[in-house]
Amino acid sequence: MIPQLQNLLQSHSADVDGIYGNLSGFSTEQSVEIKLRERVAAEHYDDYLDALSHSHSISVMDHEVDCFLAKMPQGALILDIGGCWGWHWRRLAETRPDVGVLIIDFVRSNLTHAQKVLGELVGHQVALMHADATALPFAADASFPGFDGIWTVQAFQHIPSFDKAVSEAYKALKRGGEFANYSLNVQPPIRWLCRLFGRNYIMEDWVEGVFWLARASKKQKVSIEAIFGSKVSERWSEILYTPELHFLAPGREGSLLGKLDALLSNNIGFLGWLARQHSFHCKKT
Ligand SMILES: C[S@@+](CC[C@H](N)C(=O)[O-])C[C@H]1O[C@@H](n2cnc3c(N)ncnc32)[C@H](O)[C@@H]1O
């Protein structure tokens, strides 16, 4: 295992399947979501990237990962919170063989899928841990310098205790480390269409029987700035990719529209009202 991951995990033990951590019997306000995600994880998937392209644009997120990795120092250690199937890191051996990633998720069966998606990267550049974002088993202190980067995609949007999750991330980050949190954006055109067809468009509420959903908001930006004590920058991504209107083509691996979409991601608000994703980026000073 890459040395920075080995050092991090020396006081943690893995189960026989190689997955670290243990959340059995823990109680959470997200118990309904866990049941839903366990049902989804119980399905069989022949083609993971095809399944993922129904809820994420592969090309856009590959581009966002590359932008994030470009900010990481040599030998960096990254924490992916709510990393699920771990697919963001599948190209890591080619793009950044010096970087180690710990993926955590509170649904253990998602990490079993991550083992299939990531193959030999697991146990070398990637480790998997069953853990909860609101009670991270790591904090930067005298014995651990902290993570160089914390990356989280469409996970904090489902955590009702958003501020708690951000505080935990702050504690686990190294000084100078980068935090990136991607959430669903508020898209006025989709909101109007929902209103026209009498459908509910949730900005911040429980989606009954499914999960909590809080789209990216000014309130979240203000919270992150207060917790980090530093300025948050914003990005808008997935501008062409619109699964809500069944326009999935730009999400598929290798799609030319997806590659164009990746080039449209921006930090100036350009086409922000069309973007499906809105992310907040911050440094621990
Ligand atoms: C919408 S999925 C996104 C998965 C992944 N980040 C991606 O981009 O494909 C949200 C993930 O966050 C995980 N999650 C939600 N709340 C969590 C929490 N409190 N602690 C750990 N994982 C959590 C879920 O189990 C799920 O795998």
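Within 10 Å, at most 13 other Cβ atoms, and a DSSP state outside H, G, I, E, B define an exposed site. Report the longest part of the chain free of exposed trypsin sites (Lys or Arg not before Pro).
Here the longest run is 1-198.
Between S31 and E94, what is 0.36 nm times their sequence separation minus the Cα-Cα distance? Round to one decimal in nm.
Contour length minus the Cα-Cα distance gives 18.9 nm.
Nearest 20 debye, what's the magnitude of the dipole of the chain about its Cα centre given +1 on Lys and Arg Cβ and -1 on Asp and Glu Cβ?
860 debye
Nearest-5 percent of antiparallel DSSP beta bridges in region 3-283?
50 percent
Report the paramagnetic label zone for R39: residues of region 208-235 whose backbone N is under 19 Å from a point 7 Å from Cα along the Cα-to-Cβ axis.
Inside the label zone: 208-213.
Using DSSP, restrict attention to beta bridges with both residues in region 148-285 and report what percent are antiparallel, rounded to the nearest 5.
Details: 18 of 23 bridges.
Beta bridges within region 148-285, antiparallel portion: roughly 80 percent.
If the cut-off is 19 Å between C-alpha atoms, which aspartates and glutamates fall inside it for K71, apart from same-chain ones fewer than 8 positions away?
D62, D80, E94, D98, D148, E178, E234
Could you tell me what fraction of 2.2 N^0.38 Å the Cα radius of gyration of region 1-127 comes to, as a two-decimal ratio?
1.07
Over 19 Å between Cα atoms: which of K174/K284; K164/K219; K171/K231; K174/K283; K221/K283 fall into that group?
none
Just grab the label-to-label distance for R199 and L245, each label 7 Å out from Cα along the Cβ direction, in nm (one decimal).
Simple spin-label model gives 1.2 nm for this pair.
Using a probe of 1.4 angstrom, how much of the accessible area of the chain is carbon and sulfur, in percent? Spell out each step's value before the answer.
Numbers: 7280 of 13010 Å².
Ligands and nucleic acids excluded, carbon and sulfur reach 56 percent.
What full-extension length gain, to one decimal in nm, is calculated for E253 and N22 as 0.36 nm per residue of separation minus the Cα-Cα distance? Show your work: numbers first, answer last.
On the way: separation 231, 0.36 × 231 = 83.16 nm, distance 3.35 nm.
Full extension from E253 to N22 adds 79.8 nm.
Per residue of the chain, what 222 nm ellipticity follows from adding -39500 (n - 2.57) for every DSSP H run with n ≥ 4, rounded to the nearest 500?
-9000 deg cm²/dmol
Which three lengths, in whole Å and largest first, does region 158-203 cover when its Cα atoms are put on their principal axes?
48, 19, 9
Taking +1 at the Cβ of each Lys and Arg and -1 at the Cβ of each Asp and Glu, which of L240, C282, M1 sits farthest along the dipole of the chain towards its positive end, judged by Cα position relative to the Cα centre?
It is C282, whose Cα lies furthest towards the positive end.
With the other protein chains left in place, how much accessible area per residue, in square angstrom, belongs to the chain at a 1.4 angstrom probe?
The answer is 46 Å² per residue.
Please give the length that would be gained between Q74 and L263 if that part of the chain were fully extended, namely 0.36 nm times their separation in residues minus their C-alpha to C-alpha distance (nm, one decimal).
Working: separation 189, 0.36 × 189 = 68.04 nm, distance 2.58 nm.
Separation in residues times 0.36 nm, less the Cα-Cα distance, equals 65.5 nm.
Rounded to a whole number of µm²/s, how large is the Stokes-Einstein D of the chain at 37 °C and 0.692 mPa s, given Rh as the Kirkwood radius over C-alpha pairs?
Estimated diffusion coefficient is 170 µm²/s.
The values are calculated or read from the model by the stated rules, or taken from the named source; none is laboratory data. Computed from a predicted structure; not experimentally measured. All Cβ positions, even for glycine, are placed from backbone atoms using ideal geometry, and neighbour counts span all protein chains on display. Each accessible area value is taken on the protein alone, full model and side chains, heavy atoms only, with ligands, DNA and RNA left out. Shrake-Rupley method; radii C 1.70, N 1.55, O 1.52, S 1.80 Å.
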